1. Return the only residue of B:G43, B:G97 being of a type outside the set (F, W, Y), surrounded by 21 or more Cβ atoms within 10 Å (Cβ to Cβ) and outside any strand (DSSP E or B).
2. Within the range A:22-41, which residues are outside any strand (DSSP E or B) and at pLDDT 95 or above?
3. What do you reckon, is A:T110 hydroxyl-bearing (S, T, Y), over 18 Å from B:M34 (Cα atoms) and surrounded by 21 or more Cβ atoms within 10 Å (Cβ to Cβ)?
4. Scan the range A:68-82 residue by residue and report those that are surrounded by 14 or more Cβ atoms within 10 Å (Cβ to Cβ) and assigned to a strand (DSSP E or B).
5. Examine the range A:34-56 for a residue that is touching a Phe, Trp or Tyr at 6+ places or on another chain (Cβ under 6 Å) and basic (K, R), and state whether such a residue exists.
6. Out of all the residues in the range B:40-62, is one or more under 19 Å from B:K2 (Cβ atoms), more than 8 Å from chain A (Cβ to nearest Cβ) and among the β-branched types (V, I, T)?
7. Looking at (1) surrounded by fewer than 16 Cβ atoms within 10 Å (Cβ to Cβ); (2) within 11 Å of chain B (Cβ to nearest Cβ); (3) hydroxyl-bearing (S, T, Y), find the lone condition where A:Y35 falls short.
8. Select, from A:F60, A:F106, A:F64, A:F69, the only residue that is within 17 Å of B:S95 (Cβ to Cβ) and not small (G, A, S).
Amino acid sequence: DAGVTQSPTHLIKTRGQQVTLRCSPKSGHDTVSWYQQALGQGPQFIFQYYEEEERQRGNFPDRFSGHQFPNYSSELNVNALLLGDSALYLCASNTEGASGKETQYFGPGTRLLVL
Amino acid sequence: QKEVEQDPGPLSVPEGAIVSLNCTYSNSAFQYFMWYRQYSRKGPELLMYTYSSGNKEDGRFTAQVDKSSKYISLFIRDSQPSDSATYLCAMSAGSWGKLQFGAGTQVVVTP
């Protein structure tokens, strides 16, 4: 089992550009959450997807959008990139209705640098 | 004021010592409490998961939750150099929904 996978691992963009990050959840998981982790900070919740719908959203502007596909994989899109968007973007997956025994797993992250 | 406060450290301890980490929070709606370990440039790895108040032990790790004080702790016994990492506390009102993380505490275990 490959666990949660994310691509690409690293990415460099310039201000104003758009970026798409991808996540494949752990086998058997149907819920995907995205987090942004700035250097030296804890992860900040962006949004969560279940059944191809955005179910919860954190305090992020509309420049951040996402999508979940029928195979449960997900994309995070960020438009009009700002320098402050430079961060590690983490994807986490779990099964709907999971209890503590059905753990949520994080992927290795995509490191985005905006110049 | 942040919803979750965590001392960033670094916390340096000798090998074999007990590592004591803690977080405080302000949102009384939090019911689920987690501790994660994150190595440099890696994703967080879940160490402990606790629902509501009480203690939970798993090997060398013990998690404590005191909801009345809005205070959670993680203890690592017999610390090893491989325990050197950043430890993040996290909590949520609804299981694996929106998690609110602390800033993380960097721990260094010296041989």
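The values are calculated or read from the model by the stated rules, or taken from the named source; none is laboratory data. Being a predicted model, the structure only gives us computed values, none of them experimental. Virtual Cβ from ideal backbone geometry, glycine too; neighbours counted across all protein chains shown.
1. Only one candidate qualifies: B:G43.
2. Within the range A:22-41, A:P25, A:A38 meet the criteria.
3. Taking the combined requirement at face value, the residue satisfies it.
4. Answer for the range A:68-82, where residues must be surrounded by 14 or more Cβ atoms within 10 Å (Cβ to Cβ) and assigned to a strand (DSSP E or B): A:Q68, A:S74, A:E75, A:L76, A:V78.
5. no
6. Looking for residues that are under 19 Å from B:K2 (Cβ atoms), more than 8 Å from chain A (Cβ to nearest Cβ) and among the β-branched types (V, I, T), one finds none in the range B:40-62, hence no.
7. Here A:Y35 meets the rest and fails (1).
8. Result: A:F106 is the single residue among A:F60, A:F106, A:F64, A:F69 that is within 17 Å of B:S95 (Cβ to Cβ) and not small (G, A, S).
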